Ligand code: ZN
């Protein structure tokens, strides 16, 4: 993590802290936070801030949540719908615990589906807020050049990829939106496995990826 482009934005962490991201982006954020001390510290400060705001509110404002009875951490967990304890627990293997919980195991438990050219994906969750998928890009292989109709959050879990913004290795996150047009390419030596959340279809440039898009669904 050498520059700010490799950092998860504050608004994403705040959205995670308040439970407003949706499940796909929650998963990528929780997995990133478990790999990144900086993101974990920033998230803790947002949660503390959220707790301080809540403690100033009248307890009757919050239906079903008795702030006086709960610790702030428990209150935040109730609002988010998930416990804060998952994310700091290291898990053995390639996948951090939030991802292992979703996959039902580590890398060898993934049910990959081929997208052609050696690229594989496994869709982990999809709803109206977004889709979370694992993507495997063979070492040295480039993804089709594309821009984005919405937001794309890519977290590297294994290997590394390079695009116009630099090199992203394990634990690094890239947030791309409509402004970003890129050609991610896996570095030589090791296949690259990423966890990707998107909330809209990608915009591919070439004709062939556009023809393939309805079939692969990215
Ligand atoms: Zn992209």
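Yes or no, residue by residue, for (1) away from the ligand (no atom under 16 Å from the Cβ); (2) outside any loop (DSSP other than H, G, I, E, B); (3) surrounded by 16 or more Cβ atoms within 10 Å (Cβ to Cβ):
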residue	(1), (2), (3)
115	no, yes, yes
126	yes, yes, no
131	no, yes, yes
134	no, yes, yes
144	no, no, yes
147	no, yes, yes
150	no, no, no
156	no, yes, yes
161	no, yes, yes
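Selection of first residues in the range 135-146 that are touching a residue at least 60 places away in the same chain (Cβ under 8 Å) and on the phi > 0 side of the Ramachandran plot and of second residues that are assigned to a loop (DSSP other than H, G, I, E, B) and more than 16 Å from the ligand (Cβ to nearest atom), restricted to Cβ pairs under 7 Å at least 6 apart or on distinct chains, gives an empty result. Do you know which of the residues in the range 191-218 that are part of a strand (DSSP E or B) and at pLDDT below 95 is nearest to residue 145 (Cα to Cα)? So the residue we want is 204.
Of the listed requirements (1) crowded, with 18+ Cβ neighbours inside 10 Å; (2) away from the ligand (no atom under 14 Å from the Cβ); (3) not in a loop (DSSP other than H, G, I, E, B), residue 167 misses just one: (1). Can you name the residue in the range 171-190 that is in contact with a strand residue (DSSP E or B) (Cβ under 6 Å, 6 or more places away or on another chain) and assigned to a loop (DSSP other than H, G, I, E, B) and is also nearest to the ligand (Cβ to nearest atom) among such residues? Result: 184.
The values are calculated or read from the model by the stated rules, or taken from the named source; none is laboratory data. Note that the structure is a prediction, hence the values are computed from the model and not measured. Positions of Cβ are backbone-derived with ideal geometry, glycine not excepted, and every protein chain shown enters the neighbour counts.
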